[in-house]
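Engineer: Attaching a single structure in structure tokens format; questions to follow.
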Amino acid sequence: MNEVSIAVGSRIRLYRQMKKFTLVALAEKIHKSKATLSKYETGDIVVDVETLFDIAGALEIKPQQLLDGTVCGEDEKELRPDGFFPQRRICVYFYDGRVKRIVRNLLETGYDGVGRTATFYNDIPAFDRPEACRNLYFGTAEYFDTVTNFSFSSQSNRIERLTMCAANPFDRGEQVPGMLSGISRYPMLPVSIKCILSPDEIPEDEELMKKLVLSHKDIKLIRSLNMFAVEQLG
């Protein structure tokens, strides 16, 4: 099977599940059989351009969201930022005080022929299973000298937006602090949360917990500035 077809099929399945469509429901929308759609998702059948647009329209997403990350040419290499992590897949961690646990996430960057794209898989069981994420966000990435900004839209809830600002690493192998901002469903409030971005998986132990939980120094800084802020990791 063609690797591109497998990647596109995997994206179709991911967005279909996030939009809560059954195989039958989506197949009916694009006027295909359930068996054909299933083979699109497994990569057994190559999706033609017209069908790709039909599927994207039925899922209410952009066609490039089904193609994002499937092609890496010279143009993408030229756009690779000097100040951010060189790889496409980045581990992101934060501590959720509502459920009292570290939440692992995967950030995946891409290029759609015009600019940088970003997919955020929230609350995944493992980094090799991002498709089992609790929430899926898609958006853009902008790279600057000292920070990188991400802007995402939820793929299951139109009103939900998520932004993330991360410090650029001095050394591409190091962990860097970031801030996630958006709307919390419980409680229903605008929130910002401290996070860590890493090129590699981090042991989810007490050491990581200490980095993620707001310290006395963090709280002192918040009170002093009257704003939420994160500093470089010590």
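Throughout, read-outs are computed from the coordinates displayed, never taken from laboratory work. Keep in mind the model is a prediction, meaning the values are calculated, not measured. With ideal geometry, Cβ positions are generated from the backbone for all residues, glycine too; neighbour counts draw on all protein chains shown.
Engineer: Using 0.36 nm times the number of residues separating Q17 and N226, minus their current alpha carbon distance, what extension gain do you get?
Structural biologist: The span from Q17 to N226 would gain 71.2 nm if fully extended.
Engineer: Looking at the chain, I'd like the Rg to Rh ratio, where Rg is from alpha-carbon atoms and Rh is Kirkwood's inverse mean 1/r.
Structural biologist: 1.00
Engineer: Return the calculated 222 nm mean residue ellipticity for the chain, to the nearest 500 deg cm²/dmol, obtained by summing -39500 (n - 2.57) across DSSP H runs with n ≥ 4 and dividing by the residue count.
Structural biologist: So the helix-based figure for the chain works out to -8500 deg cm²/dmol.
Engineer: I've got another one for you. Let me check I've understood the local charge: for L14, count other residues with C-beta under 10 angstrom from its C-beta, Lys and Arg +1, Asp and Glu -1. What total comes out?
Structural biologist: +2
Engineer: Say the cut-off is 24 Å between C-alpha atoms; which of K62/K194; K19/K194; K194/K220; K19/K100 go over it?
Structural biologist: K62/K194; K19/K194; K19/K100
Engineer: I need the P(r) histogram for the stretch 3-67: all alpha carbon pairs, bin width 10 Å from 0 out to the longest distance, whole percents.
Structural biologist: Values per bin, smallest distances first: 25, 66, 9.
Engineer: Still on this structure: Using only alpha carbons, build the gyration tensor for the stretch 123-186 and give me the equivalent ellipsoid semi-axes, biggest first, whole Å.
Structural biologist: One finds semi-axes of 23, 16, 10 Å for the stretch 123-186.
Engineer: Quick check of the Kirkwood formula: for the stretch 121-234, what is the inverse mean of 1/r over all pairs of different Cα atoms, in Å?
Structural biologist: After inverting the pairwise mean of 1/r, the radius is 15.6 Å.
Engineer: Another one. Taking the Cα centre of the stretch 75-225 as origin, sum charge times position over the Cβ atoms of Lys and Arg (+1) and Asp and Glu (-1), and report the length of that vector in debye to the nearest 20.
Structural biologist: Working: 21 positive and 22 negative charges, 160 e Å.
Value, rounded to 20: 780 debye.
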